[in-house]
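> Let me begin by handing over the structure; questions about it come next.
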Amino acid sequence: MSTPSADVSVRVAWADDAPAIAALQVRAWPELYADLVPAEALPQDPDALTPVWRESLARPSDARNRVLVALERNRVVGFALTSPAADPDCDPVRDGELSELTLDPAERRRGHGSRLLQACVDTLVADHFTRAVTWVEAGNDALRTFLTEAGWAPDGAHRELDLDGTGKHRLKQVRLHTALV
């Protein structure tokens, strides 16, 4: 006897996904960045973000800039961004970057993050990258643990970002990497 399985998948995002991605960003970012930036600095209106997402999905600046969405049935429950790595010590031909991995807070611990991460790795491999990097907030133990358990490791790089230009809100990050081949 077979058991029913969930209708879940990951695919490359379409321009029509822009409203769902924007809504997810507005829901997820307050929790993700609550201790880092004031709530009023975070996006509040998905309708304001939708045109930006639609444009970036319809006309990416590089063919290797990808947005992937995790789906439960036809509902977007997560998104991730991959691209050539932008760091000056990275080779944009050889090194790809996972620059965002966001899940709906209500959908965590259901396997969507693992599927999304694997799809990102598969996409980076298909784009002929041999190494992937990602930046993680230094205090985000849950994400760092998730990534290290998936085979990512610190490479010694770290940075501190000034989030508002005043120096008041600073974000410390560490870079993780993984071999793709």
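> Using only the Cα atoms of the range 99-153, build the gyration tensor, take square roots of its eigenvalues as a ≥ b ≥ c, and label the shape rounded, prolate or oblate: rounded if a/c is under 1.5, else prolate if a/b is larger than b/c, else oblate.
oblate
> Moving to a separate point now. Relative contact order for the chain: what is it in percent, counting Cα pairs under 8 Å that are at least 6 residues apart?
Details: 310 pairs, mean separation 35.0, N = 181.
Computed value for the chain: 19 percent relative contact order.
> Also, quick follow-up: Residue 97's amide H: which non-local residues (gap 5+, or another chain) put their own amide H closer than 5 Å, with H modeled 1.01 Å from N in plane and none for Pro or chain starts?
Sorted by chain and number, the residues that satisfy this are 83, 85, 133.
> For Cα extents along the principal axes in Å, several values are listed as (i) 44, 34, 33; (ii) 47, 46, 34; (iii) 55, 41, 34; flag the one computed from this structure.
Computed from these coordinates, Cα extents along the principal axes in Å corresponds to label (iii).
> Give me 177, 128 ranked fewest to most by other Cβ atoms within 10 Å of their Cβ, as a rough exposure proxy.
The order, fewest Cβ neighbours first, is 128, 177.
> Quick check on the exposure proxy: order 134, 145, 102, 50 from fewest to most C-beta atoms within 10 angstrom.
Least to most surrounded, the residues fall as 145, 50, 102, 134.
> Return the calculated 222 nm mean residue ellipticity for the chain, to the nearest 500 deg cm²/dmol, obtained by summing -39500 (n - 2.57) across DSSP H runs with n ≥ 4 and dividing by the residue count.
Calculated from helices alone, the mean residue ellipticity at 222 nm is -9000 deg cm²/dmol.
> For 90, 120, what ranking results if the residue with the fewest other Cβ atoms within 10 Å of its Cβ goes first?
Numbers: 90 18, 120 23.
If I rank by nearby Cβ atoms, fewest first, I get 90, 120.
> A further question on this structure: Which residues make up the longest stretch of the chain that has no trypsin sites (Lys or Arg not before Pro) in a DSSP loop with at most 12 other Cβ atoms within 10 Å?
Looking at the chain, 1-72 is the longest stretch - no exposed trypsin sites (Lys or Arg not before Pro) with at most 12 other Cβ atoms within 10 Å.
> Taking the Cα-to-Cβ direction at residue 158 and at residue 27 and moving 7 Å from each Cα, how far apart do the two end points lie in nm?
3.5
> Hey, what do the phi angles of the range 37-53 turn into as Karplus ³J(HN,Hα) couplings, whole Hz, using 6.51/-1.76/1.60 and θ = phi - 60°, x for Gly and Pro?
Going residue by residue, I get 9, x, 3, 5, 7, 8, x, 10, 10, x, 5, 6, 7, 4, x, 5, 4 Hz, with x marking Gly and Pro.
> If you place +1 on the Cβ of every Lys and Arg, -1 on the Cβ of every Asp and Glu, and leave all else neutral, what size is the dipole of the chain about its Cα centre, to the nearest 20 Debye?
With Lys and Arg at +1 and Asp and Glu at -1, about 400 debye.
> Applying the Karplus parametrisation 6.51 cos²θ - 1.76 cosθ + 1.60 with θ = phi - 60° to the phi angles of the range 163-168, what ³J(HN,Hα) value in whole Hz is obtained for each residue in order, glycine and proline being reported as x?
6, 10, x, 9, x, 6
> Alpha carbon centre of the range 33-55 versus the range 103-181: separation in Å?
If you average the Cα positions of each part, the centres end up 20 Å apart.
> Name the residues whose placed amide hydrogens come within less than 5 Å of the amide hydrogen of residue 180, ignoring near sequence neighbours (fewer than 5 apart) on the same chain.
Distant-sequence amide H within range of residue 180: 131, 132.
> With +1 on the Cβ of every Lys and Arg and -1 on the Cβ of every Asp and Glu, and nothing else charged, how large is the dipole of the range 74-181 about its Cα centre, in debye rounded to the nearest 20?
About 380 debye.
Bear in mind that the values in this text are calculations on the coordinates, not laboratory data. Because the structure is a prediction, the values reported are computed rather than measured. Ideal geometry is used to build each Cβ from the backbone, glycine not excepted, and the neighbour counts take in all protein chains shown.
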